[in-house]
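> The structure under discussion is supplied below as structure tokens; questions concerning it will follow.
The values are calculated or read from the model by the stated rules, or taken from the named source; none is laboratory data. No experiment lies behind these values; they were computed from the predicted model shown. We place every Cβ from the backbone using ideal geometry, glycine too, and count neighbours over all the protein chains shown.
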Amino acid sequence: MQGQIIKILSNLYFVSCKNQIYECHSRGKFRNDKIAPMVGDQVIFDEKNNYILEILPRKNSLVRPPVSNIDQAFVVTSCKEPVFSSNLLDKLLIVLEYHQVKPIICFTKKDLLTKKEKKEMKQIQKYYQKIGYLVLWNTELRKIKRLFREKTTVFTGQTGSGKSTLLNKLDPHLQLEIGEISKALGRGKHTTRHVELMELFQGKVLDTPGFSALDLEELEKEEIRNGFIEFSKYSCPYPDCMHLKEKDCKVKEAVKNGKILKSRYENYQKLMERK
Ligand SMILES: Nc1nc2c(ncn2[C@@H]2O[C@H](COP(=O)(O)OP(=O)(O)OP(=O)(O)O)[C@@H](O)[C@H]2O)c(=O)[nH]1
Ligand SMILES: [Mg+2]
Ligand SMILES: [Zn+2]
């Protein structure tokens, strides 16, 4: 039979098939092939002995969080507690662009902001909208529900940013575990421990464990550059310009005259320095 892996707990694979969940084991074969079944995988399984026999080809997959066959990602981003990190946001966008997963930016914790902070966040949001991203607040529940229809959506982002909280608000029956924010550090503390796929509002949604840092080791310099989607709108005189030391670079010019958000370019520089 064919089913989809919806959860993995150590060496137990929960496979969903025709409204039933089968608790399966995997075979040594996958270990030899160095391919580990992941949540989101379509699999052929033996329903009598509860063994996964074969992983069907993946449409796509992410390393962090480890999920496959997804259409879009909610990048759940807190404005405060944990403090807004434009660096983490930009890194997540780059990874998603690279894997051809559509990012949707969802900001949280507006209620904790002062008037002045709200204004600043609005400016930042406007920029991401202008360059082509869909940007939402976690309070826009009706809008969010509509986005799930016939899509597989992964929730990703910093630990404590409010992924599970938002899912619980969308459907209180889920009763996902919610973390506390450490008063001293203003950080979350890794509450969600495993990836889980759920059917929600005629689509599939995956809650995942958050992280506090993310590296882009698997990406080449060019791939990082291409992930900053607004850079390609500028025609630099130097062919295949990296927008770093090149002369008369139009991207650098756009940063200077405020057309490109300064933090975006600084995050780009930081990523390139490490390469
Ligand atoms: N004030 C405020 N608190 C929020 C909001 N969203 C989430 N929280 C709080 O933030 C804390 C962390 O929320 P979680 O939903 O557990 O965060 P998470 O992203 O699932 O974290 P991990 O599972 O560790 O990745 C909880 O105490 C929530 O109540 C919000 O919009 N405003
Ligand atoms: Mg969580
Ligand atoms: Zn350039």
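> Can you list residue pairs whose Cβ atoms sit under 7 Å apart, with the first residue in the range 190-212 being farther than 15 Å from residue 71 by Cβ and without any contact (Cβ under 8 Å) to a residue 24 or more places away in the chain and the second being in a loop (DSSP other than H, G, I, E, B) and more than 16 Å from ligand 3 (Cβ to nearest atom)? Count only pairs 6 or more apart in sequence or on different chains.
193/209
> Okay, moving on. When the residues of the range 92-127 are narrowed to those that are within 21 Å of residue 60 (Cα to Cα) and within 16 Å of ligand 1 (Cβ to nearest atom), which ends up surrounded by the fewest Cβ atoms within 10 Å (Cβ to Cβ)? It would help to see each step written out before you state the result.
We begin by selecting, within the range 92-127, every residue within 21 Å of residue 60 (Cα to Cα); these are 92-105.
Okay, now just the ones that are also within 16 Å of ligand 1 (Cβ to nearest atom), so 92, 104-105.
On the way: 92: 24, 104: 17, 105: 21.
It comes out as 104.
> Determine whether the range 175-186 contains at least one residue that is touching a Phe, Trp or Tyr at 6+ places or on another chain (Cβ under 8 Å), within 14 Å of ligand 1 (Cβ to nearest atom), among the acidic types (Asp, Glu) and closer than 30 Å to residue 139 by Cβ.
So in the range 175-186, the residues touching a Phe, Trp or Tyr at 6+ places or on another chain (Cβ under 8 Å) come out as none.
So far as the range 175-186 goes, no, none of its residues is touching a Phe, Trp or Tyr at 6+ places or on another chain (Cβ under 8 Å), within 14 Å of ligand 1 (Cβ to nearest atom), among the acidic types (Asp, Glu) and closer than 30 Å to residue 139 by Cβ.
> In addition: Could you run through the range 1-54 and say how many residues are part of a strand (DSSP E or B), under 23 Å from the mean Cα position of the chain (by Cα) and over 16 Å from residue 199 (Cβ atoms)?
Within the range 1-54, residues that are part of a strand (DSSP E or B), under 23 Å from the mean Cα position of the chain (by Cα) and over 16 Å from residue 199 (Cβ atoms) number 3.
> Testing residue 209 on (1) within 15 Å of ligand 1 (Cβ to nearest atom); (2) part of a loop (DSSP other than H, G, I, E, B); (3) in contact with a helix residue (DSSP H, G or I) (Cβ under 8 Å, 6 or more places away or on another chain), one condition comes back false. Which one is that?
(3)
> Given 144, 104, 94, which one is at pLDDT 95 or above, among the aliphatic types (A, V, I, L, M) and assigned to a strand (DSSP E or B)? Break it down stepwise before answering.
Numbers: 144 fails: assigned to a strand (DSSP E or B); 94 fails: assigned to a strand (DSSP E or B).
Of 144, 104, 94, the one residue that is at pLDDT 95 or above, among the aliphatic types (A, V, I, L, M) and assigned to a strand (DSSP E or B) is 104.
> Now for a different question. Against the definition (within 14 Å of ligand 1 (Cβ to nearest atom) and either under 15 Å from the mean Cα position of the chain (by Cα) or at pLDDT 95 or above (or both)), how does residue 191 come out, yes or no?
Values: within 14 Å of ligand 1 (Cβ to nearest atom): yes; either under 15 Å from the mean Cα position of the chain (by Cα) or at pLDDT 95 or above (or both): no.
Judged against the criteria, residue 191 is not a match.
> Anything in the range 210-234 that is surrounded by 14 or more Cβ atoms within 10 Å (Cβ to Cβ) and at pLDDT 95 or above? List them, or say none.
Residues of the range 210-234 that are surrounded by 14 or more Cβ atoms within 10 Å (Cβ to Cβ), as a first pass: 210-212, 214, 216, 219, 223-231, 234.
Within the range 210-234, 223, 224, 225, 226, 227, 228, 229, 230, 231, 234 meet the criteria.
> OK, next. Looking only at the range 106-124, count every residue that is within 21 Å of residue 258 (Cβ to Cβ) and touching a residue at least 12 places away in the same chain (Cβ under 8 Å) and tell me the total.
Of the residues in that region, 3 qualify.
> For the range 47-91, enumerate the residues that are at pLDDT 95 or above and in contact with a Gly (Cβ under 7 Å, 6 or more places away or on another chain).
67, 68, 69, 70, 75, 76, 77, 78
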